[in-house]
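Here's the structure we're looking at; comments come further down.
The values are calculated or read from the model by the stated rules, or taken from the named source; none is laboratory data. What you see is a predicted model; the values in this text were computed from it and never measured. Neighbour counts run over all protein chains shown; Cβ positions are idealised from the backbone, glycine included.
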């Protein structure tokens, strides 16, 4: 097979992951695919250059890019990197195009077929390629450990010679992948866990993990497994019921997000004011503005005794496992395009079509085009 795959070293601040771990690189090599790795690409994730075995290690990014048919990354590349990619080549990784219009223009100029991993359709066939889910698993786990570290209380019930300590009461807002992992982790640590999600279908999953579902009487199941926007009346009803539970909580893990839009504001300042001193809020939605009105992305603050934490890129803090899962997602997606000794981009395939951001010099993802105020097919 004459196919060549290149892996970039991440340059974004705080990013420790790598798009292709040594194990996945080895699997590609065994299939006859040539793997090029930018020097020290895996170093911050815990993988040294020698672990990449038969892969070629290059210190010159521009040279690496000119040799590649497929380029893999974690964080969106800069325009300069895209400009050095081969015209008509394939790029696979995050793009977040609604925040990076200059990147879209560069991809189109180079006629790059860009598979934006955050766009992978949430259908059964694409589960093994779902980067959002794999990385949310890590984030949900890490969020609970972060909360446990910040909290002035212990999570489990302990019976000691000095008396009995009651278990911490943890509320998880949003029962998607991150929320469910947070529930499971908090339960393992011995906390009493309640969960809230406006999708009634989440109840069974929440209760299967030993948590109690908070019922506010609002159901907002949306397309693709995501929650829809609430009406003003629904928001008020939700807020009143949720506030009662939050006032009694010790820890709140908030995970509610809507792709391509600012995170919904669920925890108001008034709700925080009613919380007891020592309560900890870990807002996993901080990257898109936060679910709490007081969240400051990338910062931990103290609001009258309530600790509000707005972590960014939590998945990167477990870089080894996060990279391994991310790499498998990318390779599984690429497998759909490998045909004999080359890569075939089949736009009739619903997974490929749903993930494709730019192709043959055009923006081809309809939803992204709307977010950018363009028409599908615009340059």
So, in the range 177-191, exactly how many residues are out of contact with any helix residue (DSSP H, G or I) (no Cβ under 7 Å at 6 or more places or on another chain) and either surrounded by fewer than 24 Cβ atoms within 10 Å (Cβ to Cβ) or at pLDDT below 95 (or both)?
4
Residue 307 fails exactly one of (1) surrounded by 15 or more Cβ atoms within 10 Å (Cβ to Cβ); (2) within 30 Å of residue 111 (Cβ to Cβ), namely (2)
Going by the conditions given, is residue 95 touching a helix residue (DSSP H, G or I) at 6+ places or on another chain (Cβ under 7 Å), buried (at least 22 other Cβ atoms within 10 Å of the Cβ) and more than 19 Å from residue 35 (Cα to Cα)?
yes
On the basis of being within 16 Å of residue 194 (Cβ to Cβ) and either surrounded by fewer than 24 Cβ atoms within 10 Å (Cβ to Cβ) or in the same structural domain as residue 323 (by TED's automatic domain parsing) (or both), does residue 152 make the cut?
no
So how many residues does the range 90-122 have that are part of a loop (DSSP other than H, G, I, E, B), more than 16 Å from residue 349 (Cα to Cα) and under 15 Å from the mean Cα position of the chain (by Cα)?
3
Subset of the range 322-367 [in a helix (DSSP H, G or I) and either modelled with pLDDT under 90 or on the phi > 0 side of the Ramachandran plot (or both)]
367
Identify the single condition in (1) assigned to a helix (DSSP H, G or I); (2) modelled with pLDDT of 95 or more that residue 87 does not satisfy, given that it satisfies every other one.
(1)
